[in-house]
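The values are calculated or read from the model by the stated rules, or taken from the named source; none is laboratory data. This one's a predicted model, so the numbers in the text were calculated from it and none came from an experiment. For neighbour counting, all protein chains shown are included, and Cβ atoms are generated from backbone atoms with ideal geometry for every residue, glycine included.
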There are 2 protein chains.
Amino acid sequence: MANQNGKLLLTNAYVLSMDGALRQYASGYVATEGALITSVGPMSECPPASGFTEVLDCRDCAVLPGLINAHTHLPMTYFRGLADDLPLMSWLNDHIWPAEGEHLSPDFCYHATRLACLESIKSGVSCVNDMYLFAASVASAVADSGMRGFIGEGVIQFPTPSAPSWQDGLQLTRELITEYRGHPLVEPSVTCHAPYTCTPEILTTLHGLSREHGLLFHIHLSETRAEQGITEWLQNGESPAAGLARIGVLGPRTLGAHCVWVEQPDMALMATHGCAACHCPTSNLKLASGVAPTVAMLEAGVNVGLGTDGAASNNNLDMWEELHLASLLPKGILLDAEALPAQQAVRLATSGGAAALGDKRIGVLEGGRLADICVINLATPHTTPRYTHESAIYSYLAYSSQAADVKHTIVNGRLLMRDREVLSLNEAAVLREATDWLAGGAG
Amino acid sequence: MANQNGKLLLTNAYVLSMDGALRQYASGYVATEGALITSVGPMSECPPASGFTEVLDCRDCAVLPGLINAHTHLPMTYFRGLADDLPLMSWLNDHIWPAEGEHLSPDFCYHATRLACLESIKSGVSCVNDMYLFAASVASAVADSGMRGFIGEGVIQFPTPSAPSWQDGLQLTRELITEYRGHPLVEPSVTCHAPYTCTPEILTTLHGLSREHGLLFHIHLSETRAEQGITEWLQNGESPAAGLARIGVLGPRTLGAHCVWVEQPDMALMATHGCAACHCPTSNLKLASGVAPTVAMLEAGVNVGLGTDGAASNNNLDMWEELHLASLLPKGILLDAEALPAQQAVRLATSGGAAALGDKRIGVLEGGRLADICVINLATPHTTPRYTHESAIYSYLAYSSQAADVKHTIVNGRLLMRDREVLSLNEAAVLREATDWLAGGAG
């Protein structure tokens, strides 16, 4: 296949490394070989084009690490628009769970994930962190699309369409680990649905498995205000985070999705144990969960990533919208225009997501890291004119750009989208699959 | 010029009338002649194509009224990215006002408005309500772009680059009225900057002029919490809205932009006097002004429109982002997933904006209204699959669509954009003008 891990050279770009020093080159290059970035620097140090498989002139573009969607449920794309503007419990009980019960299968999850990957690649997302059912199908669709993914089977104390018991979910997780250990794109993760849907036995067993294999432990945490009250095993009014800490599953590779209702002591615990958070602002607003205290979490030293959640509660997988909201919401809520400046929002979507996932290979553009890269066009009406002070570029990305401005997406050194044409998936076929599925009586 | 007020026929579309009954046709048509819509209905009643200048097959598209940006400062596009993430007063005093003092001129305002119109047309906006300086230049650029605009000279008690005194601002307003009375696209408005920057004499004089001519009276109202304290002429702790009501300028063609800090009695006053509000969620978040109580305003009977504010505090003119936020924010803030459902958000951006501007000719698709139309592509990964219950279409528009999905924009019966190619402006030239302006030492 074309551009499968060749040598790529991106030239004349506005390069944002997103490294600790926030190094940037207003006219810079990025060179890759195989799956890795070999070097990044100013155009004055650009290697000669002759040694590369393909040279992409990125004039008028920003080049940044591929965006990391640190919490999602990819197969839910097929439920996008099924039911909206409803209270969480009615949305779940009356619509989502019945639809999942009726439709979920390995085939469903494979195809619905393909649609999610198509949308993700078109918006510059290189890596997703997924929690759903039939994770083997999700993993296989992600790998086939060329994207990078942390993929886990959502284990829960009730029967699911993929696992009659939590022990079956555990077994599916073990099989996923066996199948994908060392895979270049898919990293298996260990996934418990939430403190309120898993007993301490499930949580400690699964967390033990994640520690045994050094894998991510992914769990919903304090998404709604009600969660504390409905988590039966909590003691003496402790918070879900405190409960997880007590039973020993709060870190160091634990990622808590949402964290809307964590309070100061929870954040201190999370920072101490190395538990990361994933902020999902659109979904938290749409499901009326609230607004996560991201500024306080960052100040407490918690690693924070950014995610879309599933397409049924968003209703898209557009990380640019999450990036806008991550920067805008704290300002309006805290009445502080300096809260979470643009560059910090871009960081959450890139290096912050990598830190939250505990993966040092991604999220930063520099020699030796994996070549996961987003190239976004800045020659648009909505990003013109372009001021040149160092912080301006982050403002354009955080406040002005939109997903459709993404021009090329590169994962593991491979071009998955060139000039908005997705190369690793047949866009028309993927859309037709989804439309045919719904027309086939599913809706 | 091509398609200047010909006869257009839009076929096979998902037509959203946005009329009071929210009539919709899953397979419908819209017919226009000259500046007007002649009929709207199901495809079964579609007139024969032979009688039309141009037939647009809108298969897989939604056709809705052109979006109405009910509060903006168009020429501020040239200050996009100049300064961000700053407290309001430092942003204004140290950056925006000095830049305006240095650069504002009729020529600047003409060209910066062209860029704003280009961006607006590309995102399906057909009508803008603008408040800025050198309004004659703004009006002329809007008219030249083919867009519809309510345009006013921002009158204020201090000298401005366009008017040494408020009386000069008044005179500019009079001239604007004389020049644009009866213009097919530009409706002059009477514009006072804000209660805290205008004396009662200025407010009543200008409001009197608006009544004399039956024009819109456009003013910033309760944008920040500080406004009440810095409005010197208020009495006995009255709110800005109460003060405006006392001096007789709160309605019925008054539009208050922002209304973030209006309280229940203010809303009752606004509803009684027919004073409308324009909600600008992105700008209110970004400048840390807060979140306007839109649900309460709507419940109180206030007409509410939606706007972007200027591109320097947004930082784009993307009404789709405002539409998303208008629906998402109340849910997350009020912890009520049923607050401001998707169809109501689409309404704010169309018929709601028309009502806020007091213009019955726009904002709804039906025979006899002006042919201001937005055609948006739904065959995208992020709007697939498409459920078909009546409310689903609003969910796709409010939660999933993005500005780049807009396919055609029609204003006054004229195609301003066809298949994303802007016909009424030279896109490359407009971008180059802006870039050259900044490169010419302006930055």
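Side notes on the structure shown:
- Evaluation of B:P252 against the conditions (1) away from chain A (no Cβ under 14 Å); (2) modelled with pLDDT of 95 or more shows that the sole unmet condition is (2).
- Selection from region A:419-436 of residues that are crowded, with 17+ Cβ neighbours inside 10 Å, under 19 Å from A:E54 (Cβ atoms) and within 12 Å of chain B (Cβ to nearest Cβ): A:V422
- Note on region B:225-237: residues that are modelled with pLDDT of 95 or more, surrounded by 17 or more Cβ atoms within 10 Å (Cβ to Cβ) and not aliphatic (A, V, I, L, M) total 1.
- Taking region B:138-240 as the region of interest, the helices (runs of 4 or more DSSP H) fully inside it that hold 3 or more residues being within 23 Å of B:G274 (Cβ to Cβ) and of a type in the set (A, V, I, L, M, F, W, C) are B:200-213.
- Across region B:39-78, the number of residues qualifying as of a type outside the set (D, E), touching a residue at least 60 places away in the same chain (Cβ under 8 Å) and farther than 26 Å from B:H382 by Cα comes to 11.
- Checking B:S239 against (1) touching a Phe, Trp or Tyr at 6+ places or on another chain (Cβ under 7 Å); (2) under 20 Å from B:H71 (Cβ atoms); (3) hydroxyl-bearing (S, T, Y), the condition it does not meet: (1)
- Of the residues in region B:309-325, none is touching a Phe, Trp or Tyr at 6+ places or on another chain (Cβ under 6 Å) and either surrounded by fewer than 23 Cβ atoms within 10 Å (Cβ to Cβ) or under 30 Å from B:T272 (Cβ atoms) (or both).
- Answer residue from region B:419-443, given it is assigned to a loop (DSSP other than H, G, I, E, B) and not charged (D, E, K, R) and is farthest from B:I121 (Cα to Cα) among those: B:G443
- Top-ranked residue of region A:162-191 - restricted to ones that are in contact (Cβ under 8 Å) with a residue 40 or more places away in the chain and in contact with a Phe, Trp or Tyr (Cβ under 9 Å, 6 or more places away or on another chain), ranked as surrounded by the most Cβ atoms within 10 Å (Cβ to Cβ): A:T191
- Residue selected from region B:246-259 under the condition free of Cβ contacts under 8 Å to residues at least 60 places away in the same chain and surrounded by fewer than 24 Cβ atoms within 10 Å (Cβ to Cβ), by the criterion nearest to the chain's Cα centre (by Cα): B:G251
- Just one of the numbered conditions (1) within 19 Å of B:H218 (Cβ to Cβ); (2) away from chain A (no Cβ under 13 Å) is not true of B:H279: (2).
- Some residue of region A:30-42 being touching a Pro at 6+ places or on another chain (Cβ under 8 Å) and hydrophobic (A, V, I, L, M, F, W, C): yes
- Filter result for A:I151 (farther than 22 Å from A:D168 by Cα and more than 9 Å from every other protein chain (Cβ to nearest Cβ)): no
- Options A:A271, A:A257: the member that is in contact with a His (Cβ under 6 Å, 6 or more places away or on another chain), farther than 26 Å from B:S289 by Cα and more than 7 Å from chain B (Cβ to nearest Cβ): A:A257
- Which listed residue is more than 23 Å from A:G290 (Cα to Cα) and not polar (S, T, N, Q), from B:A337, B:A356, B:A398, B:A345: B:A356
- Summed over region A:87-127, residues that are touching an Asp or Glu at 6+ places or on another chain (Cβ under 7 Å) and either free of Cβ contacts under 8 Å to residues at least 24 places away in the same chain or over 30 Å from A:P184 (Cα atoms) (or both) total 1.
- Number of residues in region B:348-385 that are surrounded by fewer than 23 Cβ atoms within 10 Å (Cβ to Cβ) and under 30 Å from A:N426 (Cα atoms): the value is 4.
- Residue within region A:86-100 that is surrounded by fewer than 16 Cβ atoms within 10 Å (Cβ to Cβ), touching a strand residue (DSSP E or B) at 6+ places or on another chain (Cβ under 6 Å) and of a type outside the set (F, W, Y) present: no
- Subset of region A:389-418 that is facing chain B (nearest Cβ under 8 Å) and not in a helix (DSSP H, G or I) - its residue that is surrounded by the most Cβ atoms within 10 Å (Cβ to Cβ): A:Q402
- Listing of helices (runs of 4 or more DSSP H) fully contained in region A:288-388 that carry 3 or more residues being more than 12 Å from chain B (Cβ to nearest Cβ): A:294-299, A:342-349, A:351-357
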